[in-house]
Amino acid sequence: MTLRVIHKDAVVRSDEFLESIKETVMTDPAPSGLEGCVRIGVAYPTGDDWLEVRLDGQRAHAGAPEEGRGVDVSLLMGDYEVKRLLMGRRLPHAPLFSVHGDDRLLAKFMKRYLREKRWSGLRWAE
């Protein structure tokens, strides 16, 4: 899986990656048809940042994870891996890229919200 996101008009750094996903999800005008809870995290040397997306088939609600609520699938990536994805490059040989839970829900979520055309206005900034 490769996200091609290089474009000259906008810039996203790995620390903005989750906020960009949140904005993409929250501004989706059509019902997603997806149901469940997806958590996406980025691991930094100083700790992990997480985004939780709750999908009810019609609307998506995205924000900080809520303690004690169930999660259907979680994806944790390292900041280096996020950088590689944003640059449209392959993941390293032994990436920090961990999935736990319903990988079918994650695949559908990624197909809807992380496909190339939704990210075409983003590029990596050093």
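Data for the structure
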| read-out | value |
| --- | --- |
| Qualifying positions in segment 35-80 - open to solvent by less than 20 Å² (accessible area, probe 1.4 Å) and in a loop (DSSP other than H, G, I, E, B) | G57 |
| Some residue of segment 94-106 being basic (K, R), over 20 Å from M26 (Cβ atoms), modelled with pLDDT of 85 or more and loosely packed, with under 15 Cβ neighbours inside 10 Å | yes |
| Candidates L55, L86, L34, L75, filtered to the one that is under 12 Å from the mean Cα position of the chain (by Cα) and within 21 Å of D102 (Cβ to Cβ) | L75 |
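The values are calculated or read from the model by the stated rules, or taken from the named source; none is laboratory data. All figures in this text were calculated on a predicted structure; none of them were measured in a lab. Glycine also receives a Cβ, built like all others from the backbone with ideal geometry; neighbour counts cover every protein chain displayed. When the accessible area is computed, the model is the full protein with side chains, heavy atoms only, and any ligands, DNA or RNA have been set aside. Shrake-Rupley method; radii C 1.70, N 1.55, O 1.52, S 1.80 Å.
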